[in-house]
Amino acid sequence: VQLQASGGGLVQAGRSLRLSCAASGSIVRTNIMGWYRQAPGKQRDLVATITTAGTSNYVDSVKGRFTISRDNAKNTVYLQMNSLKPEDTAVYYCNVRNIRNSNYNYWGQGTQVTVSS
């Protein structure tokens, strides 16, 4: 499985960015796709996840500002990020996993998001 993320960049606080991540290879029908982020010197943390059925989950700090969505036909997950804050600055990683098989857990290469104040 390969994950290709895109859409990062440098923006001013209050602006928006949209991340995309396309998965290819042996994609299982039932999976959870998600976005995680890692700021310098910190651990990688959950941002949002979405199941094949469309059930989403967000970390509290992005609720109301970020929206995760997916296109199952394209095996692609998106993260619409609005009202960005400097504390959102991080490398964003996409992930796909299957809860029934812990070995099915893949990561994209990461895309840098930098929010200036």
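Quick notes on this structure:
- When the solvent-accessible area of the chain is split by element, carbon and sulfur atoms take up 45 percent of it, the probe being 1.4 Å.
- All lysines inside 29 Å of Lys85 as judged from Cα atoms, apart from same-chain residues fewer than 8 positions distant: Lys42, Lys63
- Furthest towards positive pole of dipole, Gly25, Asn57, Val47, structure part region 13-62, Cβ charges: Gly25
- Residue ranges 100-106, 49-55 sort as 49-55, 100-106 when ordered by packing (mean number of other C-beta atoms within 10 Å per residue, highest first).
- Taking Lys and Arg as +1 and Asp and Glu as -1, the other residues whose beta-carbon sits under 11 Å from that of Asn31 total +4.
- Note on the chain: with a GNM built from Cα contacts shorter than 10 Å, the maximum mean-square fluctuation among Val47, Val77, Val59 falls on Val59.
- Whole-Hz couplings from phi, Karplus 6.51/-1.76/1.60, listed for region 80-93; x for Gly and Pro: 8, 10, 10, 6, 5, 10, x, 6, 7, 4, 4, 8, 9, 10
- Amide H contacts under 5 Å for Gly110, placed H, 5+ residues apart: Ala5, Cys94
- Spin-label pair Ser24/Ser116, simplified geometry with 7 Å Cα→Cβ offset, distance in nm: 3.4 nm
- In the context of the full protein assembly, Lys42 retains an accessible surface of approximately 140 Å², using a probe radius of 1.4 Å and ignoring ligands and nucleic acids.
- Under 5 Å between amide hydrogens, built in the peptide plane, is the criterion, and for Lys85 it picks out Gly14 among residues at least 5 positions away or on other chains.
- Computed about its Cα centre, the charge dipole of the chain is approximately 140 debye, with only Lys, Arg, Asp and Glu carrying charge at their Cβ.
- Solvent exposure of the chain as accessible area per residue, Å², 1.4 Å probe: 54 Å²
- Each 10 Å bin from zero holds the following percent of Cα-Cα pairs in the chain: 15, 50, 29, 6, 0.
The values are calculated or read from the model by the stated rules, or taken from the named source; none is laboratory data. Since the model is a prediction, treat every value here as computed from it, not as a measurement. Every residue, glycine among them, receives a Cβ derived from its backbone with ideal geometry; neighbour counts consider all protein chains shown. Ligands, DNA and RNA are stripped out before the accessible areas are found, and what is left, the full protein with its side chains, is counted by its heavy atoms. Shrake-Rupley method; radii C 1.70, N 1.55, O 1.52, S 1.80 Å.
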